[in-house]
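The values are calculated or read from the model by the stated rules, or taken from the named source; none is laboratory data. The model shown is predicted, which means the values in this text are computed figures rather than measured ones. We place every Cβ from the backbone using ideal geometry, glycine too, and count neighbours over all the protein chains shown. Side chains are part of the model used for accessible areas, which takes the heavy atoms of the whole protein and leaves out ligands, DNA and RNA. Shrake-Rupley method; radii C 1.70, N 1.55, O 1.52, S 1.80 Å.
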Amino acid sequence: GVFSHLEMLEAQAHEAGRKEEEKKQQEEKLASLKERVEELRIQRDKLQAKVDLQKKRLSGKERIVSDAAEPSAGAVLEWKIRSLKGMLQLFYLTGISGKLTKQGVCFSISTAYESTYLDSYYLDLLTKPVVRIHRHSVPVFIPLEQIARRYLQTDIRRFLSVLSDHLNAYAGRKYQADQLQEHFSDQLEGRLQRNSLCNLLAFNYKVPSGGKTFPFSARLIYKDICGSLPTEVMVSCTVKAPERLEETAAAHSELFRHMALHKAFCTFSSTEEKLD
Amino acid sequence: MDEIVAEYIRRTVLKIPRNEIKSMLQKWGFLSEAQLQTINFHQIKDNVSQEVVRLCEENSADIKQAAVLDIIYNHMYANKRMWSVYQMEKTGEEPEIFDLQTFKKKFKRRLLSALENVTINFREYEDNAIWIRVAWGTPYTKPNQYKPSYVVYHSQTPYVFISTSVLKSNLPLLCQALLVASNYHDIREMELRSHSLNSLKDIVFKRYSQNFQSHCPRAIQERSGEPEYVDVRIVQENRSEKERIQRVTREVFGDGPQPQLEFAQYKV
């Protein structure tokens, strides 16, 4: 009826309006791009003129003098590339990179453990009137305020380096604990006890020996929270066991002290296979 | 098995939606798989709960085990409770070696030394969350299992999530036990309350995805490809305001799911 006819007309009008708007926007875009092309052409001509002038000057002067006095564009470019490569290498090695923002700098700290890349954390810093943290994605159990209090105002490089140490160590410990749970759950008895910082791990695990399995318990404490290896390890057999197992416990303790947790587990499952 | 325990288990099972009962009992792990097989979960809940109670009797359940079932239920349906956030302060700057066993011992000891009639249970979850359930009694009466307090604590953080129980008089004691166990010296309530525990955690732990500028920005998901061609004849009055709100929200909370806002209170 009339109503549906009106609706149809309205839809048509809306559609027509939309198409017109689209067309207008595209034309505006085209015009602005043409303008930009013109600007770039003018710039190119200017630079070309400069280069030509430079060439004329160089060919007119004495060769030796000119080489010493004016570094050629090629040499400058090479120097720039080298220093850029150096900076990128630095970022790659330290895992810290920064980007200037409107109000300051945004740093990103990447973490890794033994060739596995892990999470990245960000810090948005304001630089005026004093350097301070605007926003960040650092977990709440990392002592960020403490580290900032000590170093942020005086030595920003040190601040970043100390924070990076904390984050990398935490990421490394967490990675080891996660790997243990993921790949060696059949050797673990019950839960792996851990905490947010992963600086205390306690677990029970089974050690096969002479056809039987014995229950062992391990407790790893990481007093140095910038370290990813434990500072204290206690391994013991939870039942009265033959003496050779005490040696095994001591050996395991040493392994845990010096080797990544999941790698340690790898080695004793493979040595057990060899013995059997 | 105690009548109180039996009744408590029966009522707890009745709260669980019928299609979740089996999986929750499996999580509980108190009844064996063989026992669970004997229950007909398709009958009316009244009968299901009676059967569960009967099996618990066979295994001689006590109140501690019944309390664990309650924790599991509340962990899954945490949104049914109202949660408040408390912040703790500490003086020392030494990084803490948080030991769960020590924490539990200290907490229990502090509470039990003040009040004998309490039931205390702990349960740890994969995200390092420690759930604590406390049922309160008085020097003369046994603990009331139907009005327990719940505490959720993530180790080595200054935040504690407490489900406000009706018995406010027990709150100071609960706070004290938390301070002693976690090695902090002061605690105060924050202006943050919600039914959604996860939203509260998102806010205090900053778990929402924030947008940071970096040299290798991760691909920001394209917002529904097509640019909107709007008829210019329709003008949105508060368009600039809307855009500003969207931009600020996006800057702070990122593109991911936003924390749920239940109510906002302004203090002048």
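A quick yes/no check of all residues on (1) modelled with pLDDT of 95 or more; (2) within 14 Å of A:Gln176 (Cβ to Cβ); (3) of a type in the set (Val, Ile, Thr); (4) in contact with a Gly (Cβ under 9 Å, 6 or more places away or on another chain):
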{"position": "A:Phe214", "(1), (2), (3), (4)": "no, no, no, no"}
{"position": "A:Asp224", "(1), (2), (3), (4)": "no, no, no, no"}
{"position": "A:Ser236", "(1), (2), (3), (4)": "no, no, no, no"}
{"position": "A:Pro242", "(1), (2), (3), (4)": "no, no, no, yes"}
{"position": "A:Leu245", "(1), (2), (3), (4)": "no, no, no, no"}
{"position": "A:Ala250", "(1), (2), (3), (4)": "no, no, no, no"}
{"position": "A:Cys266", "(1), (2), (3), (4)": "no, yes, no, no"}
{"position": "A:Ser269", "(1), (2), (3), (4)": "no, no, no, no"}
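Annotation: B:Arg109 fulfils all but one of (1) of a type outside the set (Val, Ile, Thr); (2) outside any strand (DSSP E or B); (3) within 13 Å of the chain's Cα centre (by Cα); (4) surrounded by fewer than 21 Cβ atoms within 10 Å (Cβ to Cβ); the unmet one is (3). All conditions in (1) within 30 Å of B:Val160 (Cα to Cα); (2) away from chain A (no Cβ under 14 Å); (3) touching a helix residue (DSSP H, G or I) at 6+ places or on another chain (Cβ under 6 Å) hold for B:Ser49, with the sole exception of (1).
Taking region A:229-255 as the range and being open to solvent by less than 30 Å² (accessible area, probe 1.4 Å) and either part of a loop (DSSP other than H, G, I, E, B) or closer than 30 Å to A:Gln146 by Cα (or both) as the test, the residues that pass are A:Pro230, A:Val233, A:Ala241. For region B:29-51, indicate whether the set of residues that are among the hydrophobic types (A, V, I, L, M, F, W, C) and closer than 22 Å to B:Lys80 by Cα is non-empty. Among the residues of region B:29-51, not one is among the hydrophobic types (A, V, I, L, M, F, W, C) and closer than 22 Å to B:Lys80 by Cα, which makes the answer no. Search region B:133-148 for residues that are under 17 Å from B:Met82 (Cβ atoms) and pair each with any residue that is modelled with pLDDT under 90 when their beta-carbon atoms are under 7 Å apart and the residues are at least 6 apart or on different chains. Final answer for the pair search is B:Lys147/B:Ser165; B:Lys147/B:Val166; B:Lys147/B:Leu167; B:Pro148/B:Ser165.
The residue that is nearest to B:Thr12 (Cα to Cα), counting only those in region B:34-64 that are surrounded by fewer than 13 Cβ atoms within 10 Å (Cβ to Cβ) and among the small types (Gly, Ala, Ser), is B:Ser60.
The residue that is modelled with the lowest pLDDT, counting only those in region A:166-210 that are of a type in the set (Ser, Thr, Tyr) and in a strand (DSSP E or B), is A:Ser209.
Could you give every pair whose Cβ atoms fall below 8 Å, whose first residue belongs to region B:108-128 and is touching a residue at least 24 places away in the same chain (Cβ under 8 Å), and whose second residue is in a strand (DSSP E or B) and open to solvent by 40 Å² or more (accessible area, probe 1.4 Å), counting only separations of at least 6 or pairs across chains? Sorted first by the residue in region B:108-128, then by its partner, the pairs are B:Glu124/A:Arg191.
Among the residues of region A:173-217, those identified as within 14 Å of another protein chain (Cβ to nearest Cβ), in contact (Cβ under 8 Å) with a residue 24 or more places away in the chain and within 15 Å of A:Ala264 (Cβ to Cβ) are A:Arg173, A:Ala177, A:Leu180, A:Leu201.
Taking the criterion of being within 18 Å of B:Phe98 (Cβ to Cβ) and open to solvent by less than 20 Å² (accessible area, probe 1.4 Å), the only residue of region A:151-169 that qualifies is A:Ala169. Checking the stated criteria, B:Leu167 turns out to be open to solvent by less than 80 Å² (accessible area, probe 1.4 Å) and modelled with pLDDT under 90.
Residues that are surrounded by fewer than 20 Cβ atoms within 10 Å (Cβ to Cβ) and away from chain B (no Cβ under 14 Å) do not occur anywhere in region A:133-150.
Scanning region B:77-107 for residues being more than 22 Å from A:Leu192 (Cα to Cα) and either outside the structural domain of B:Leu171 (by the TED database) or modelled with pLDDT of 90 or more (or both) gives a total of 13.
So is A:Lys34 modelled with pLDDT of 90 or more and either among the basic types (Lys, Arg) or open to solvent by less than 60 Å² (accessible area, probe 1.4 Å) (or both) or not? Considered against the rule, which asks whether it is modelled with pLDDT of 90 or more and either among the basic types (Lys, Arg) or open to solvent by less than 60 Å² (accessible area, probe 1.4 Å) (or both), A:Lys34 comes out as yes.
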